[in-house]
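Every read-out reported here was derived from the displayed coordinates using simple, explicitly stated rules and does not represent laboratory data. Computed from a predicted structure; not experimentally measured. Methodologically, a virtual Cβ is constructed for each residue, glycine included, from the backbone with ideal geometry; neighbour enumeration extends over all protein chains shown.
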Amino acid sequence: MAPRPTPTDGFPTLTSRSQAETEEVLLKHLPEPGTKTEPVLQKNSHMQFLVRNLVQGFPARYISQDASQPWLMFWTVQAFSILQVALDEGNKQRIIDKVMAWQHPEGGFGGGPGQSAHLLPTYAAVCTLAIVGRPGPRGGWDQIDREKMYQFFMKLKQKDGSFLVAHHSEVDVRGIYCLLTVATILDLMTPELVEGTAAFIASCQTYEGGFASSSHPSYSLSGALLPSPAPRPPLGEAHGGYTFCALASWILLQSYIAQSKHKPTIDVKNLLRWLVQMQGTEAELGGFKGRTNKLVDGCYSWWCGGAFALLEALGVGGIQNAESDEVPIDSGTSDGVWDDVDGGLSISYLELRNWLTDALEGLYNRKALQEYILYAGQHPAGGLRDKPPKNADAYHTLYCLSGLSSAQHHVFPSTLRKHQVLESWKPSGKPGEETRKHIFSDLLSWTEEEGGSHIVGGAANRLNATHPLTNLTMTHTEAMAAHFYGQEVSTRARSSGSRNPKA
Amino acid sequence: MSTETPDDEPLYANRSDWKDVEPLEQYEDINPLAPIFYTEEYKDATNYFRGIVKRGEKSPRVLDLTENIIRQNPAHYSAWQYRYETLLALLPSDNVASSPILEAEVRLMDELAVLFLKTYQVWHHRRLLVALTRKPKRELDFIRKGLEADAKNYHTWSYRQWLLGTFGGRGANVTDAEGGVEDVDEDLWIGELDFVDTMLAQDVRNNSAWHHRFFVVWGCGVREGDEDRERVLKRELTYVKQNISLAPSNPSAWNYLRGVLTHTRTPFSAVADFALPYAYPRGAYHVKDVVDLENPSPSDTAQLPCVQAMEFMADVWEREGGEEKTEQAVKMWTSLANEHDTIRKKYWEHRIREAHLALKGQKRAA
């Protein structure tokens, strides 16, 4: 049976018309009913697309991305990593040399040589170095001027806890995500740097549950702080990209939120509701959209789909978050907690098992998202895209692959792993040791659940797992962080998530 | 200032008035991977831009050069940034707002914003300029025209909200911590609700417009004439119900309804009578013969049941609590999970689980 189109209620508008057109195109990409073949991730043609960009370069229409050269590089090399491809040493060195040409003499990285430093390319440059760089001379890592970078960050800081993305530029949560990710990996987090930032992030949540680009500055044009409680409304509606950045920032700030006196809060339930509503229906092949009443787009596979893993750090979904006193995880008997409930609410042990399975499989439709990417997201000539009939590009190639990877694997913040990292911490004697230790171990606690993968199309479609906060592989994230914190990455205990005890 | 397209202009390398600047290549001693195939014009202009930045020159010809680059690549944030710094250097120290340089810049931005509607920098530069001109009113008109071309443009809407909050104040006259008062022009807000109405009349599914309505009515302080919040709540509920009745399967309108109820701490059950007929197949509920303005019925062409109404009613019942109501909610979620909104099956099952846990908690407490 063909999926039901989105209702128009006999009241067409511009939105419903483009919605209907999109659904019509998308449905043509479903295989004929009765087809037995599984969808294939065309790894080779995507590889060729990426190699062409890397080696031959980008056509002239990419001039529009001239101020995003670090992004073009990050999208390309991180796509290789997700596709389980490592570059040879010669090419790695050429990439390191190019990245280092973007470092600004006053700290941070710019969109190209001679361009001003900016938070977004700073993230892309540092993450590229996580993939291709190394310690030592010409390795990139030790050539990052961390002290100047910290000063650059502090110069962008605003009175309400937010940051400009660059001098004289806008405030938005993408920049804050980029800053916090880099500061977390490079061991640059301090209480001064992030003071007020969590409250700013919280102020960006809209009534819909997702997050906006920023909130109204709580300082006047003359620069003076407005007295609280001056309204601090979000500017712009809830949006997938900003929601990912805000949520990831919120999690990166957890060590500081725990210590703060006036704890800012976000509405996690409303956020979850909004995120699940962003998944398109069967008529949209289960892709994600970025805003209410907008069209699905492959890149939100990561920005929205990838955000579900982050929610686990806040106690939503996932097996660690099943309330252990309510749900008998290890009990094999049926005389469980529900037997005292009479009437229609008695719940069998089997139902409980189903719930556990649901919790493990996640709160959105991971199978459908994978199908969207495999059926509609792949361009026949290689590379991935927003939706048919659009062309592939570097940005969509990475975020479709990252989204696909996050729909395949269950990566969660393991308390077991966190304790393991905490225990093997080598004291440094530096200030803020306790907080730094927790930031490091929180970052490294993210663990891929063994046996927790569900791969549409079979093992041939498997991708590497990515770290839900950094969108680097676990290995790249851990190696670079360990270098800057002066730590070693301890080997992981072989354990599956479902056996992970609650701390 | 030139407004010709770059194609008509000679390269900077061939211009005698640029002879004194040494152009700088982007990559000097390396052969970079992943190069972009630049056009001659772009390479030429950006080589001279790097040369200018190196010298630290801030002169009128820098405005010409940065405009040239921006026309070729409006996302070149360094060109924008340097342009702004150059403007600041060229502007007189007093009567900034009436300076011809600033006026020319505003005119140029009117043209560029239309060309490059989707670029962050175009809109941010306007903010910087209006902070100098302090003329927000014409901006509202400009935005209205911009939204005719692209009714959901994120930058345009957030710029409008920033303008209203910055120059129109945030409710009561806000004094800053140092006692200074902003130039607050509350008149900016006159017509804002009508503006939202117009936008929603064009497309009732435009979520940006619904968000803007929330900003105007609830998010940014209380406007003169709107002090009676009970009356405002009533007005907004009537408004959103009417719009839902036109096209019920409109998540934007339902989200607004939820937002208003949550913001005003009004129980969801207060609009249960309205929502109920939308949550069931047509004919399952007897529609009253009398037109009930409080609770407009679904239109004749509405496709029922509407999943947003089903979700809403389940929330109403869950919040009421107790075994019977929880069971009603569970029934609704089950119907969503298995029939009407199957893509979100996992989520509806999660809601069932949460509700059961909550019920158990209620019983334990009792």
Can you order the peptides A:101-112, B:350-361 by their average number of other Cβ atoms within 10 Å per residue, highest first? A:101-112, B:350-361
For B:Phe142, A:Phe244, what ranking results if the residue with the fewest other Cβ atoms within 10 Å of its Cβ goes first? B:Phe142, A:Phe244
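For chain B, what is the calculated [θ] at 222 nm in deg cm²/dmol (nearest 500), taking -39500 (n - 2.57) for each run of four or more DSSP H residues and dividing by its residue count?
Result for chain B: -17500 deg cm²/dmol, rounded to the nearest 500.
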Provide the per-residue ³J(HN,Hα) series for region B:125-133, in order, calculated from phi with Karplus coefficients 6.51, -1.76, 1.60 and θ = phi - 60°, each as a whole number of Hz, with x at glycine and proline positions. 4, 4, 4, 4, 5, 5, 5, 8, 6
If amide hydrogens are placed 1.01 Å from N in the peptide plane, which non-local residues have theirs closer than 5 Å to the one on A:Gly140? A:Arg134
Counting Lys and Arg as +1 and Asp and Glu as -1, each charge on the Cβ, what is the dipole of region B:253-366 about the Cα centre in debye, to the nearest 20? 580 debye
Electrostatic dipole magnitude of chain A [Cβ: Lys, Arg +1; Asp, Glu -1; Cα centre; debye, to 20]: 1420 debye
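Using the Cα centre of region B:195-272 as the reference point, and only Cβ charges (+1 on K/R, -1 on D/E), how large is the resulting charge dipole? Debye, rounded to the nearest 20. Show your work: numbers first, answer last.
Working: 10 positive and 8 negative charges, 51 e Å.
Charge dipole of region B:195-272: 240 debye, to the nearest 20.
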Can you pull the mean other chain C-beta count within 10 Å for peptide A:271-279? 4
Most packed first (mean Cβ within 10 Å per residue), the peptides A:410-421, B:89-100, A:206-217 order as A:206-217, A:410-421, B:89-100
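Below 8 Å, C-alpha to C-alpha, sequence gap of six or more: please give me the relative contact order for chain A in percent. Don't jump to the answer; show the numbers that get you there.
Working: 836 pairs, mean separation 83.0, N = 503.
For chain A, the relative contact order is 17 percent.
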More than 17 angstrom apart: percent of Cα pairs within region B:240-280: 24 percent
Can you give the log10 of the normalised intensity I(q)/I(0) at q = 0.11, 0.16 Å⁻¹, computed with Debye over equal Cα scatterers of region B:1-134? -0.41, -0.86
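Among A:Val182, A:Val40, which comes first, second and so on when ranked by fewest other beta-carbon atoms within 10 Å?
Working: A:Val182 26, A:Val40 12.
With the fewest neighbours first, A:Val182, A:Val40 line up as A:Val40, A:Val182.
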List the aspartates and glutamates whose Cα lies under 17 Å from the Cα of A:Lys289, skipping any in the same chain that are fewer than 8 positions away. A:Glu21, A:Glu23, A:Glu24, A:Glu208, A:Glu237, A:Asp297, A:Glu371, A:Asp386, B:Asp341
When we measure straight from the Cα of A:Lys437, which lysines land under 16 angstrom away, once same-chain ones fewer than 8 places off are left out? A:Lys418, A:Lys426
Among A:Asp297, B:Asp141, what is the fewest-to-most ranking by other Cβ atoms within 10 Å? B:Asp141, A:Asp297
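From Cα pairs below 8 angstrom and at least 6 apart in sequence, can you work out the relative contact order of chain B, rounded to a whole percent?
The value is 8 percent.
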In whole Å, what is the distance between the alpha-carbon centres of region A:424-486 and region B:311-366? 36 Å
If contacts are Cα pairs under 8 angstrom and at least 6 residues apart, what is the relative contact order of region B:269-365 in percent? 24 percent
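Report the full-extension gain for the segment A:Ser260 to A:Gln84: residue separation times 0.36 nm, less the Cα-Cα distance, to one decimal in nm.
Contour length minus Cα-Cα distance gives 59.3 nm.
Kindly work out what percent of the DSSP beta bridges joining two residues of the protein assembly as shown are antiparallel, to the nearest 5. Write out the running numbers ahead of the final one.
Working: 16 of 18 bridges.
The antiparallel proportion sits near 90 percent.
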Report the Cα-based extents of the protein assembly as shown along its three principal axes, largest first, to the nearest Å. 90, 65, 58
Derived scalar couplings ³J(HN,Hα) [region B:135-146; Karplus, 6.51 cos²θ - 1.76 cosθ + 1.60; whole Hz; x for Gly, Pro]: 10, x, 4, 5, 5, 4, 5, 4, 4, 4, 5, x
In region B:211-272, the GluC sites (Glu not before Pro) that fall in loop regions by DSSP, at most 11 other Cβ within 10 Å: B:Glu224, B:Glu227
At q = 0.06, 0.08, 0.09, 0.10 Å⁻¹, what base-10 log of I(q)/I(0) does the Debye formula yield for chain B when every alpha carbon is treated as an equal point scatterer in vacuo? -0.39, -0.62, -0.73, -0.82
Shielding of A:235-242 by partner chains, average beta-carbon count, 10 Å: 6
Using only the alpha carbons of chain A, what is the convex hull's orientation-averaged projected area in square nanometres? 27.3 nm²
Where does chain A land at 222 nm, in deg cm²/dmol rounded to the nearest 500, when only DSSP H runs of n ≥ 4 count, each adding -39500 (n - 2.57), divided by all residues? -12000 deg cm²/dmol
Which distance in Å, rounded to a whole number, links the C-alpha centroids of region A:220-252 and region B:52-91? 29 Å
Scaled radius of gyration (Cα, divided by 2.2 N^0.38 Å) that region B:269-365 gives: 1.16
Rounded to whole Hz, the Karplus (6.51, -1.76, 1.60) HN-Hα couplings of region B:36-53, x for glycine and proline: 9, 7, 6, 7, 4, 4, 6, 4, 4, 5, 6, 4, 6, 4, 4, x, 5, 4
Sorted by chain and number, the residues with a modelled amide H under 5 Å from that of A:Phe163, at a separation of 5 or more or across chains, are A:Gln158, A:Asp172
Acute angle (nearest 10 degrees) that the helix B:251-263 long axis makes with the longest principal axis of chain B, alpha-carbon atoms: 80 degrees
